[in-house]
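Every number here is computed from the coordinates shown, using simple stated rules; none is lab data. Every value quoted in this text rests on a predicted model; they were computed, and no experiment measured them. Cβ placement follows ideal geometry from the backbone for every residue including glycine, while neighbour counts extend to all protein chains displayed.
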Amino acid sequence: MDTTYLSKLAAAIRRDILVMTTKAGSGHPTSSLSAVELMAVLFSYVLRFDTQNPQNPLNDRIIFSKGHASPLFYSLYRRVGILSSEDLMKYRTFDSPLEGHPTPRFPFTEAATGSLGQGLAIGVGEAIAGAPMVYVLLGDGEMAEGSVWEAVAAASFYRLHNLVAIVDVNGLGQSQQTMYGHDVIVYQKRFEAFGWETAVVDGHNFEEIYEAFQKHHDAPYAIIAKTLKGKGVSFLEGKDGWHGKTLSEDDLQRALNELGAVDDEIVISAQRLLVGKPPSADIRSPSEVGSLPSAVGSQLYSTRKAFGEALVSLVLSYPDILVFDGDTKNSTYTEFVAKSYPSHFLELFIAEQLMVGVAIGAWKMGKKPVVSTFAAFLTRAFDQIRMASVSQASVLFNGSHAGVSIGQDGASQMGLEDIAMFRSVLGSTVVYPSDPHQTHALLHSLIAMDGIRYVRTTRGETPILYSPDDAFPIGGSKTFHASLPEVFTVVGAGITVHEALAAQRMLAEEGIGVRVIDCYSIKPIDEETIWTAAKETKGIIVVEDHYPEGGIGEALPVKPIAHLAVRKPPHSGKPQELLAYEEIDRNTIVATVKRLYSSI
């Protein structure tokens, strides 16, 4: 290790950080300055990657969980030779991929960060999926996030010796001192309590940092570094009130004078040796999981069970599928994958934020991640889900036990916001099957797609509506016509399709015909079919097992004449009792149609 070289490199990086943030007029220079020595050693003597191919599966991975330190991040890639000084001067401008917090617009970004507390879970996903080594830079401020400790626990449980957390303990947050200030021993004890190996270092001492990186470890490893925010500039070092503030031109000149003569042409002379080979998929013959009935109406069947069966059938065609469970596999039926293809299944226990972060990391390593739990529990991971979209990640989500139709378990278990949540994610796909054959067909389409995809599944068993040969294109729907002239159209999805079809039969007995549309694709929605129905009948009635805000009613291209949705605080009860209580059952549909019919 050459400390003279590292000192020159650190000075050049500090100059980059200060100049680019002052030029931009915004950014986080002090948060970047504290980690300069840590990253200079890592990039110069430890990290191995292909500078021509950021997606090379043999690359070591570096994740800046403290994404506001992006000036440091980009300066490192300038010193590697990937960026130029001119590129840095466009930092945070509209046409530049060098954003204020890193996103994949800059291709050496593993995942979008900046919403703090998410990087370590992504690192866990990459480590599990076979990255040679994964290094995650964390700030001490984000160590207050529970999602960090979910990741710490999972890394220990799976003994991820290829995962290194680097904690920059500079002692200052955005508005005040961090929870433990410079008490690095607190962090050491906590990591060690979870089963991690640790090293505590002076984060500005090259020798200590280098020795810490050379330490052999058989478990996940945390380097806990005591640093100074604003290191290298006397009027910034350890000073509160500078978070997210850049220097004026006069202060910049003062800072540069302190740095002295800087070798602006210095480059990182890291070893770029890539060794080994990517892991191969382990595919085994499936265990017996049963088969779907082929006859329409032959028996009752739940879409949650069909989801699990469909996953098993897909693994042979898509050997990169990796299913993540939140201790619900016996309810969501992902246990079928766990039994048939154990190497394609990972239990992450009750840690939904972790599951999403791990899925992003697995996707980055070339996997097809599937995240499965109750729909209600995905809501606590919405920040991770929206950041997955910012990362341009492709993750398939299953939310089971949706709506009040789950019955006796009560309101805490009922997914009633999930459609709104996933519809709001840019570029997402949202489906809600009502039948097992439909579930199988939709899952085969979804697994082949990119982006954020959500399938909503039902707990209860319902009649078979379709045959194995029926087609269910994404963006489509299915229409059930009445034998009588159709006065109104009832639009439902999932459980409410069955209520609407029962109402259709009841109304037919009274001489009233209604059209029923199974709106299984909620985003994108079948606008043409719905527009046609609105023109050919006297209006659309929506019925959904979801809160009205953000649900199917708001997804329609036309305003419904009646919108039946969950509008009362739900509670425990039998499924049919709750559907009736919320006025989304067959009897309410019948009454609504008759009321509207009487006013024609």
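Data for the structure
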quantity	calculated
Where Rh is the Kirkwood radius over Cα pairs, Rg/Rh for the range 478-598	0.94
Neighbour-limited loop hits for trypsin sites (Lys or Arg not before Pro), the range 519-600 (at most 12 other Cβ within 10 Å; DSSP other than H, G, I, E, B)	ARG567
Spatial separation of Cα centroids for the range 294-362 and the range 55-130, in angstrom	31 Å
Extension gain (nm, one decimal) between HIS216 and LYS189, 0.36 nm per residue minus Cα-Cα	7.8 nm
Magnitude of the charge dipole, the range 478-598, Cβ model with Lys/Arg +1 and Asp/Glu -1, debye to 20	220 debye
Residues listed by number, the range 522-536, amide nitrogen under 18 Å from ASP450 label point at 7 Å toward C-beta	524
222 nm mean residue ellipticity, helices alone, for the chain (DSSP H n ≥ 4; -39,500 (n - 2.57); rounded to 500)	-10500 deg cm²/dmol
Fewest-first sequence of ASP140, ASP264 by Cβ atoms within 10 Å of each Cβ	ASP264, ASP140
Among 195-205, 174-184, the order from most to least packed when residues are scored by Cβ within 10 Å on average	195-205, 174-184
Proxy reagent accessibility, fewest Cβ within 10 Å first, across TYR45, TYR221	TYR45, TYR221
Within the chain, percent of DSSP bridges classed antiparallel, to nearest 5	10 percent
Greater than 18 Å apart at Cα, pairs in LYS367/LYS523; LYS305/LYS523; LYS535/LYS559	LYS367/LYS523; LYS305/LYS523
Efficiency of FRET between THR479 and GLU509 - r from beta-carbon atoms, R0 22 angstrom, step 0.05	0.60
Kirkwood hydrodynamic radius (C-alpha pairs) into Stokes-Einstein, the range 3-259, 4 °C and 1.567 mPa s, D in µm²/s	72 µm²/s
Cα-Cα P(r), the range 195-238, percent of pairs per 5 Å interval	6, 23, 23, 18, 14, 9, 6, 2, 0
Inverse mean reciprocal Cα-Cα distance (Kirkwood Rh) of the range 300-463, Å	15.3 Å
Which of VAL358, VAL490 has the fewest Cβ neighbours within 10 Å, and the rest in rising order	VAL490, VAL358
Simple label model, 7 Å out from Cα along Cβ direction - THR4 to GLU527, nm	6.8 nm
